[in-house]
Amino acid sequence: MSQFEIDKIRSWTKEEISSPYLLISQEDYTLHLGYYAGMGTADSTPIEQLSPIYKEIIAAWLESGVLRQAGESFSLYPGSHLFKRLILDCSY
C-alpha cells in the first residue's frame, strides 16, 4: 500500500460533496465509486474494477471504524441500488 492509494481514498471520503465519492450499497454492501456524470446525473463504478489494493484498504478501514456510513440512503438513477456515502470518521 502506498501513500498514493491512501490519499486517493481520503479524497473520496471527505464530508464535503465532491466527485468522485465512495459509496456502499445498502442492498448487498458492495463498494462503489460514485461520480458526477454531467447534466445533473450521477453513476458509479464497482470498486472491483479498480486495483485490488483499494478494496483491501477500504475493507480494513470499514472494519476498524475509520470509515462510516453517512447521510440518508439515495439512488443514483431510477432503478439503481440505494447507497450511502462512506466518510472518514473525524476521530481518526
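Scan region 50-81 for residues that are open to solvent by 40 Å² or more (accessible area, probe 1.4 Å) and either within 10 Å of LEU23 (Cβ to Cβ) or aromatic (Phe, Trp, Tyr) (or both) and the total you get is 4. Screening ILE47 with (1) open to solvent by less than 60 Å² (accessible area, probe 1.4 Å); (2) out of contact with any helix residue (DSSP H, G or I) (no Cβ under 6 Å at 6 or more places or on another chain) gives one miss only, at (2).
When region 28-37 is filtered for residues that are of a type outside the set (Val, Ile, Thr) and farther than 13 Å from TYR77 by Cα, the ones remaining, listed by number, are ASP28, TYR29, LEU31, HIS32, LEU33. Across region 9-23, the qualifying residues are those that are of a type in the set (A, V, I, L, M, F, W, C) and assigned to a helix (DSSP H, G or I), and the one among them that is nearest to ILE87 (Cα to Cα) is TRP12. Residues of region 36-92 being under 15 Å from ARG10 (Cα atoms) and of a type in the set (Phe, Trp, Tyr), which ones? Matches in region 36-92: TYR54, TRP61, TYR92.
For region 45-56, give me each residue that is within 19 Å of HIS81 (Cβ to Cβ) and in a loop (DSSP other than H, G, I, E, B). The answer is LEU50, and nothing else.
The residues of region 57-74 that are in a strand (DSSP E or B), among the aliphatic types (A, V, I, L, M) and either without any contact (Cβ under 8 Å) to a residue 24 or more places away in the chain or farther than 14 Å from HIS32 by Cβ (or both) amount to a single one, ALA70.
In region 24-44, of all residues being out of contact with any Leu (no Cβ under 6 Å at 6 or more places or on another chain) and in a loop (DSSP other than H, G, I, E, B), the one that is most open to solvent (accessible area, probe 1.4 Å) corresponds to MET39.
The values are calculated or read from the model by the stated rules, or taken from the named source; none is laboratory data. Treat the numbers as computed from the prediction; the structure is a model and nothing was measured. No Cβ is skipped: glycine too gets one built from the backbone with ideal geometry, and neighbour counts run over all protein chains shown. The accessibility values were calculated without ligands, DNA or RNA, using every heavy atom of the protein model including side chains. Shrake-Rupley method; radii C 1.70, N 1.55, O 1.52, S 1.80 Å.
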